Amino acid sequence: MNLYLPIAEMSVNWLVIIGLGAGVGFLSGMFGVGGGFLTTPLLIFYGIPPAIAVASAATQITGSSVSGALAYWRRGGVDVPMGLVLTAGGIAGAGLGSVAFAWLKTLGQIDVTINIIYVLFLGIVGGLMLREALGAVRKARAGVAGKGRLHPHQPWLAALPWRVRFYKSGLYISPLAPFALGLLVGILTVIMGVGGGFIIVPAMIYLLGMSTGVVVGTSLFNIVFVTAATTLLHSVESQSVDIVLAMLLLVGGVVGAQFGVRAAQTLPPERLRLFLALIVVAVAIRLAIGLTWRPAELFTVYGPT
Amino acid sequence: MRPLILVLAWALCVGAAPIRLITDISQRRIDIVYTFRGAELLVFGAIQYPRGSVPDEPPGLAIVVRGPPVPITVRKKARVAGIWVNTDSVRFETAPGFYAVATSAPIRSLVDERTAAIYEIGVSNLQLSPASGNARAQTSEFEQGLVALRRRTGLYAEHEGDVGVTQNVLYRARIAIPSAVPVGDYTAEIFLIRRGKVIAHSATPISIDKSGFERWVYVFSRQYALLYGLVAVALALLAGWLAGLVVRRT
């Protein structure tokens, strides 16, 4: 059951890795999130070096998202112009992120930075989602149709120049807003090894006010391209993409994603959002504990560089 | 056992003047392939005494297997505003990636301190060459931290009393190589020790390297980084697309 990873330079149990990929892939298809926010911490808990975990998780997300993205594409669930704007921002962000990644690595602060960013983002996003989802579940239980405003009015958003119509999203906004969103997420993709769906999806719904039918498909579309660019950057810059690790995660991930897409169609959406919120908050708490409790190993060795 | 008997026969037939150590290793080359889970080296050999006069007292032996020295940085975490972050660091210029010693008796009773330091017998006697600029107390704290960390992961090991000696002539020891071992040129050194001093010494090279598919992937990722990235993306997309087709059909 053991397999030696050529880039990570360690022996792992391949069944565990495939199982991990399958579990995360299921969530990926279900929620339209890449699932990297789970893959990366789980790989690190397993003992994979953080830099390898981050880079290989990005590669895995490309593969596990493509089948989901295609499934949404066939159903017309992708707003292509919106997706392209997000992706342009994402690739620019990935470039910035890889510069920051290299710099933090020389300082020896990359691991702790990865953890802090995880706790901050997952905590904030998870908390907000949890509050919203609990409200929606309560409303559904009371028998009130959860309406919610279709276009939440953001004055600063309306003030941005060069407004464009995004028909499928039902929006007339400046492309600068989704570009900036893509940029932010691109930075996170490189540093955290996440697709960023857990930020993009809520931001598209609550900040931009996109029609929910195209949110998940467009997010997956963006994730495929930005994680592919991230894989290239990591391959060249940090040389930490373990192709064997990524493929193991994929084998589980792609199958899991398909079942996730199906499960999403049978479950009530407000329940779905509650589950996702709970998972995000749980991961944030686990990572926060890791940061604040006295670590088992006080000393860390950094290789020949 | 056959190699041992041959070595013994040869050792008894040939009588030369100084004491010599004749050594062999079960594997001169360790290939890291996809099934690699670590390895166990059997280091064995014979002591060749002048004119075949075997002493009555058992010989003192230390067997050291070590990897190439590498410059590393050791960082220590400390609590800053409630969060554990890396603060201080010490650089070591010659920390071996792997070091294991097996001895026929406890190290303290086997060698005197000076000899142990000169021949680097025992993990506390490794010459790690810390970079100057740090306080001595801090340097030694980091040395101990490094050694303790690597002992827990099996990269540094001490097996006191684990060298087996037969009829005061033949010796053997097993050295465990963990799966996380760094690649490179290793040596197995055998020291014959009497009254705290080294009286004979032999060294045998061992090479540990990736082989087959593992080696190919590694070399590809270093020499053609961009192409490697493109292949990784293409494989990911292909696997994702194919799996999607398979699952939809079923």
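The values are calculated or read from the model by the stated rules, or taken from the named source; none is laboratory data. All values derive from a computational prediction rather than experimental measurement. Note that we place each Cβ from the backbone using ideal geometry, even for glycine, and neighbour counts take in every protein chain shown.
Are any of the residues in the stretch A:92-104 touching a residue at least 12 places away in the same chain (Cβ under 8 Å) and among the β-branched types (Val, Ile, Thr)? Checking the stretch A:92-104: not a single residue is touching a residue at least 12 places away in the same chain (Cβ under 8 Å) and among the β-branched types (Val, Ile, Thr).
Restricting attention to the stretch B:54-71, the residues that are at pLDDT below 90 and of a type in the set (A, V, I, L, M, F, W, C) add up to 2. Residues that are under 19 Å from the mean Cα position of the chain (by Cα), within 14 Å of chain A (Cβ to nearest Cβ) and surrounded by 15 or more Cβ atoms within 10 Å (Cβ to Cβ) number at least 2 in the following strands (runs of 3 or more DSSP E) confined to the stretch B:12-126: B:29-32, B:69-80, B:83-96.
State all residues of the stretch A:167-188 that are among the aromatic types (Phe, Trp, Tyr) and within 26 Å of A:GLY97 (Cβ to Cβ); if no residue qualifies, say none. Quick ask: steps written out before the conclusion?
Just the residues of the stretch A:167-188 that are among the aromatic types (Phe, Trp, Tyr), to begin with: A:167, A:172, A:179.
The one that is among the aromatic types (Phe, Trp, Tyr) and within 26 Å of A:GLY97 (Cβ to Cβ): A:PHE179.
Assess whether A:VAL16 counts as being among the hydrophobic types (A, V, I, L, M, F, W, C) and in a strand (DSSP E or B). For A:VAL16, the condition - among the hydrophobic types (A, V, I, L, M, F, W, C) and in a strand (DSSP E or B) - is not met. Among the residues here, B:VAL217 qualifies as buried (at least 17 other Cβ atoms within 10 Å of the Cβ) and facing chain A (nearest Cβ under 8 Å). Those helices (runs of 4 or more DSSP H) of the stretch A:181-299 in which at least 3 residues are crowded, with 23+ Cβ neighbours inside 10 Å and within 14 Å of chain B (Cβ to nearest Cβ), considering only elements entirely within it, cover A:215-237, A:243-266. Taking A:PRO50 as the residue in question, decide whether it is touching a strand residue (DSSP E or B) at 6+ places or on another chain (Cβ under 9 Å), at pLDDT 80 or above and surrounded by fewer than 22 Cβ atoms within 10 Å (Cβ to Cβ). No; evaluated as a whole, the condition is false for this residue.
Residues of the stretch A:53-80 that are touching a Ser or Thr at 6+ places or on another chain (Cβ under 7 Å), part of a helix (DSSP H, G or I) and either surrounded by fewer than 24 Cβ atoms within 10 Å (Cβ to Cβ) or among the hydrophobic types (A, V, I, L, M, F, W, C) (or both): A:ALA53, A:VAL54, A:ALA55, A:ALA57, A:ALA58, A:ILE61.
Wholly within the stretch B:136-250, which helices (runs of 4 or more DSSP H) include no fewer than the required count, namely at least 2 residues that are of a type outside the set (S, T, N, Q) and closer than 30 Å to B:ARG108 by Cα?
Numbers: elements: B:136-152, B:212-223, B:225-249.
Helices (runs of 4 or more DSSP H) meeting the threshold: B:136-152.
So which of B:ARG151, B:ARG172, B:ARG248, B:ARG222 ends up being at pLDDT 90 or above and either within 12 Å of chain A (Cβ to nearest Cβ) or under 14 Å from the mean Cα position of the chain (by Cα) (or both)?
B:ARG151 is the lone residue from the list that is at pLDDT 90 or above and either within 12 Å of chain A (Cβ to nearest Cβ) or under 14 Å from the mean Cα position of the chain (by Cα) (or both).
Quick check on my filter: what residues within the stretch A:105-126 are of a type in the set (A, V, I, L, M, F, W, C), without any contact (Cβ under 8 Å) to a residue 12 or more places away in the chain and within 12 Å of another protein chain (Cβ to nearest Cβ)? A:LEU107, A:LEU120 - these are the residues of the stretch A:105-126 that are of a type in the set (A, V, I, L, M, F, W, C), without any contact (Cβ under 8 Å) to a residue 12 or more places away in the chain and within 12 Å of another protein chain (Cβ to nearest Cβ).
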